[in-house]
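The values are calculated or read from the model by the stated rules, or taken from the named source; none is laboratory data. Predicted model, so just to flag it, every value in this text is computed and none were measured. For neighbour counting, all protein chains shown are included, and Cβ atoms are generated from backbone atoms with ideal geometry for every residue, glycine included.
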Amino acid sequence: MGAEIYTLYNVKCWGSLAVHLLLDELDVPYRNVWMTPEQVKSPDFRQLSPLGLIPALGLADGRTMIESAAMVSFLTTAHADKSMGPQPGTLNHAMFLSWLHFMSTNMYASVDVAAGGDAWGLEKLNREHGIVNAHLQKHGPFMLGASFSALDLYLFMLTIWGKPKEHAILDAYPAVANVSQHVRRRPLLAAALKAHGVDQVGAYG
Ligand SMILES: N[C@@H](CCC(=O)N[C@@H](CS)C(=O)NCC(=O)O)C(=O)O
């Protein structure tokens, strides 16, 4: 492995999961920093991530990226040769950004609300998985059609956080389950999935 060009601030099964999987799929050198929930809350970490949120991604010049969707956009374009996202400016890229932000803005927030036991949040999250499932049934098998992309990794992260359980989402939404199953079979992802403890369905929730 060459010189590390990124530093991933990572907590098991938190929002860094999708970025961790993407870095491994891109096969770029990076430093992985496992954090405890206490370290995430520390003033030191706020210097990197102003709201104290995971993921954060350290860059080669010492600056730090925040926001998981921004990292996915950046990494897929910075390492375009790995084909984990469409070429910027193309219509496929327009759809890539639409779905990425649909997942990071709507679904990620719904997970947080549903995790607090809110019935409206649970209903909203399930409705959103239903929308993604219908999209996959019509245009799949992957979020961008025939091409596997970083979107599928992001969707996988959301399935791990499925409410009331990962199993419930996979049972209700078969096209989503198909993406999840595919992610678990990708050779470059085996180590990260094991490290997060999500190599088996239902291991997280
Ligand atoms: N919009 C942010 C959300 C990140 C976020 O909410 N991260 C959670 C973990 S999944 C977090 O770090 N929470 C801080 C805490 O619980 O102390 C992103 O997409 O990166």
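On the given criteria, is Leu17 at pLDDT 95 or above, within 13 Å of the ligand (Cβ to nearest atom), closer than 21 Å to Tyr154 by Cα and crowded, with 18+ Cβ neighbours inside 10 Å?
Working: at pLDDT 95 or above: yes; within 13 Å of the ligand (Cβ to nearest atom): yes; closer than 21 Å to Tyr154 by Cα: yes; crowded, with 18+ Cβ neighbours inside 10 Å: yes.
Judged against the criteria, Leu17 is a match.
Determine whether the range 62-69 contains at least one residue that is more than 16 Å from Leu151 (Cβ to Cβ), free of Cβ contacts under 8 Å to residues at least 40 places away in the same chain and in contact with a Pro (Cβ under 8 Å, 6 or more places away or on another chain).
Within the range 62-69 (the criterion being more than 16 Å from Leu151 (Cβ to Cβ), free of Cβ contacts under 8 Å to residues at least 40 places away in the same chain and in contact with a Pro (Cβ under 8 Å, 6 or more places away or on another chain)), the answer is yes, since at least one residue qualifies.
So is Lys124 among the basic types (Lys, Arg) and in contact (Cβ under 8 Å) with a residue 24 or more places away in the chain or not?
No.
Of everything in the range 95-112, what is free of Cβ contacts under 8 Å to residues at least 12 places away in the same chain and surrounded by 14 or more Cβ atoms within 10 Å (Cβ to Cβ)? Give them in sequence order.
Correct list: Ala109 only.
Is there a residue being surrounded by 18 or more Cβ atoms within 10 Å (Cβ to Cβ) and more than 16 Å from the chain's Cα centre (by Cα) anywhere in the range 137-145?
yes
From (1) within 18 Å of Tyr154 (Cα to Cα); (2) within 14 Å of the ligand (Cβ to nearest atom); (3) in contact with a Gly (Cβ under 7 Å, 6 or more places away or on another chain), pick out the condition that doesn't hold for Val113.
Val113 satisfies every listed condition except (1).
Would you confirm, using the coordinates I've provided, whether Phe142 is in contact (Cβ under 8 Å) with a residue 24 or more places away in the chain and in contact with a strand residue (DSSP E or B) (Cβ under 8 Å, 6 or more places away or on another chain)?
So Phe142 does not fit the description; no.
Please note which strands (runs of 3 or more DSSP E) are completely contained in the range 20-101 and include at least 1 residues that are within 14 Å of the ligand (Cβ to nearest atom) and more than 14 Å from the chain's Cα centre (by Cα).
So the answer is 30-34, 64-66.
Name the single residue, out of those in the range 153-172 being outside any helix (DSSP H, G or I) and over 17 Å from the mean Cα position of the chain (by Cα), that is farthest from Val183 (Cα to Cα). Spell out how you get there, then give the answer.
Initially, the range 153-172 is screened for residues outside any helix (DSSP H, G or I), giving 161-165.
Those left that are additionally over 17 Å from the mean Cα position of the chain (by Cα): 164-165.
Details: Pro164: 21, Lys165: 18 Å.
Looking at the filtered set, the residue picked out is Pro164.
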